[in-house]
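The values are calculated or read from the model by the stated rules, or taken from the named source; none is laboratory data. All values derive from a computational prediction rather than experimental measurement. No Cβ is skipped: glycine too gets one built from the backbone with ideal geometry, and neighbour counts run over all protein chains shown. Heavy atoms of the whole protein, side chains included, go into the accessibility calculation; ligands, DNA and RNA do not. Shrake-Rupley method; radii C 1.70, N 1.55, O 1.52, S 1.80 Å.
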Amino acid sequence: MPEPEARAEHQRPLAPSEQFLKRLKLCYVPRRGLSSCPEVFWFLALQYENPWTIPNILSMARMGLAPVLGYLIVEENFNVALGVFVLAGVTDLLDGFIARNWANQKSALGSALDPLADKILISVLYVSLTCANLIPVPLTSMIILRDAALIAAVFYVRYKTLSPPRTLSRYFNPCYATAQLKPTFVSKMNTAVQLILVAASLAAPVFNYVDSIYLQTLWCITAFTTVTSAYSYYHYGRKTVQVIKNK
């Protein structure tokens, strides 16, 4: 049975204490970075996580499919584009399923990479579908502005939650996890509605219902959910970000 002092030393607190932060400042040398300080390297090691999980690779694959889909739509190859869009949807379902059911496949990077991949895919799809005259310009502009604001907020959160020293190499290194993002329920519903509209718009020229009143109704529903989800992030902003204090 270990002594209380030994047990307390073994169960070292993971969150950075005031003593640690003071020690961090003492170890920092201008233009040279951190000197060989055991506490510093112990803390930075805890922040490091493996980014090469299956869900993250699937999210990156979805990003890679975005320009392919955009090209197919602009070239009006809607049959192939619809098939590629279904493939992208399968990668979205798979990465979420794997991350939920295998703990070692869940990562803080994935919590940001998955919605980022969705936003890149949706933005490219809406722009290309607008170029093909299948989605109105005002709706696409609304969606792009919302997504651009959210992506800017993600970069800001990354900067604020990154522990010193805040260097570019550490900022853009996906192995250093600093925060997890939790989308609001309204935002999840909005993403689903946006994807439904994309699928319906892609299928419209294939099945000849481009001028359908139901498609135009879906435009209005998508506009409403986009505005509502943007407001939900503004209202519940801090609750959607969980800072990783033990890393």
Of the listed residues (90, 137, 80, 84), the one being open to solvent by 20 Å² or more (accessible area, probe 1.4 Å), touching a residue at least 12 places away in the same chain (Cβ under 8 Å) and β-branched (Val, Ile, Thr) is 84
Given (1) surrounded by 14 or more Cβ atoms within 10 Å (Cβ to Cβ); (2) at pLDDT 90 or above; (3) part of a loop (DSSP other than H, G, I, E, B), number of the condition residue 174 does not satisfy = (2)
Unique match (being at pLDDT 80 or above and open to solvent by 50 Å² or more (accessible area, probe 1.4 Å)) among 231, 236 | 231
Return a yes/no flag: does segment 101-116 have any residue that is closer than 27 Å to residue 231 by Cβ, of a type in the set (Asp, Glu) and open to solvent by less than 40 Å² (accessible area, probe 1.4 Å).
-> no
In this structure, is residue 144 touching a Phe, Trp or Tyr at 6+ places or on another chain (Cβ under 8 Å) and open to solvent by 30 Å² or more (accessible area, probe 1.4 Å)?
-> yes
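Checking the condition open to solvent by 40 Å² or more (accessible area, probe 1.4 Å) and either modelled with pLDDT under 75 or more than 13 Å from the chain's Cα centre (by Cα) (or both), which residue from 193, 186, 198 passes?
From the options 193, 186, 198, the qualifying one is 186.
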Test residue 66 against the stated conditions and say whether it is touching a strand residue (DSSP E or B) at 6+ places or on another chain (Cβ under 6 Å), assigned to a helix (DSSP H, G or I) and open to solvent by less than 60 Å² (accessible area, probe 1.4 Å).
-> no
Out of the residues in segment 48-63 that are open to solvent by 20 Å² or more (accessible area, probe 1.4 Å) and over 17 Å from residue 97 (Cα atoms), state the one that is modelled with the highest pLDDT.
-> 63
Which residues, taken from segment 201-220, are surrounded by 13 or more Cβ atoms within 10 Å (Cβ to Cβ) and either part of a helix (DSSP H, G or I) or at pLDDT 95 or above (or both)?
-> 201, 202, 203, 204, 205, 215, 218, 219
